Amino acid sequence: MSMYFDVGDETLWNPSNGAGRLFLRQIKVFEAELELSSGIGQGKYEGDPDTLEVDPTVYEAFVRGLVAWHCRTGHSVILALSEGFVATAVALARRAGIEVGTPEPRTRHAHDGVRRDVQVPGNPSAAPAVIVDALDSRAREMDRWMAR
């Protein structure tokens, strides 16, 4: 059995049910974390949980927010926990024709003057450019592994 992530009549990804369910559960986690809708929902076959429609406009905003969030953290544990999911989300976006740009550099962890998710001790090797390059490489790798 497998799932289908579609945009209109085009299947972007056809993962096994296990991989698809895990991705959907992680979507819910990151929708809550970012306070953004992913744009992934019920597909054209009403009541079929294995067919999902991707709204490219909403998904684009979600993935851009996700990438910005991921690339602006310097917290090693958060990076490790999120990298695979973010790379998969980027690969899916690219298949939908969505270009995901690199976020502008800014001070890490700052939001309205408040520092969040500060890692002690800090990780001096987690420079934003390194994180962006690693994410791009991982997304390209994921694209090769994702069945259509």
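Looking at segment 90-105 only, could you name the residues that are at pLDDT below 95, in contact with a helix residue (DSSP H, G or I) (Cβ under 7 Å, 6 or more places away or on another chain) and not aliphatic (A, V, I, L, M)? Answer for segment 90-105, where residues must be at pLDDT below 95, in contact with a helix residue (DSSP H, G or I) (Cβ under 7 Å, 6 or more places away or on another chain) and not aliphatic (A, V, I, L, M): 102, 103, 105. Consider segment 5-59. How many of its residues are under 23 Å from residue 99 (Cβ atoms), assigned to a strand (DSSP E or B) and without any contact (Cβ under 8 Å) to a residue 12 or more places away in the chain? Number of matching residues: 1. Cβ contacts < 6 Å: first residue more than 20 Å from residue 35 (Cβ to Cβ), restricted to segment 68-82; second residue at pLDDT below 90, any location; separation 6+ or different chain. Result? Pairs that qualify, where the first residue is more than 20 Å from residue 35 (Cβ to Cβ) and the partner is at pLDDT below 90, are 74/108; 74/123; 74/126; 76/123. As a summary of the residue check, residue 62 satisfies the conditions (1) among the aromatic types (Phe, Trp, Tyr); (2) in contact (Cβ under 8 Å) with a residue 12 or more places away in the chain; (3) not in a helix (DSSP H, G or I) except for the one numbered (3). The lone criterion from (1) surrounded by 15 or more Cβ atoms within 10 Å (Cβ to Cβ); (2) of a type in the set (Val, Ile, Thr); (3) farther than 21 Å from residue 15 by Cβ left unmet by residue 57 is number (1).
Across segment 33-70, the number of residues qualifying as on the phi > 0 side of the Ramachandran plot and at pLDDT 95 or above comes to 2. Of the residues making up segment 35-74, those that are among the β-branched types (Val, Ile, Thr) and within 14 Å of the chain's Cα centre (by Cα) number 5.
The values are calculated or read from the model by the stated rules, or taken from the named source; none is laboratory data. This is a predicted model, so every value here is computed, not measured. Please note: Cβ atoms are built from the backbone with ideal geometry, for glycine as well, and neighbour counts cover all protein chains shown.
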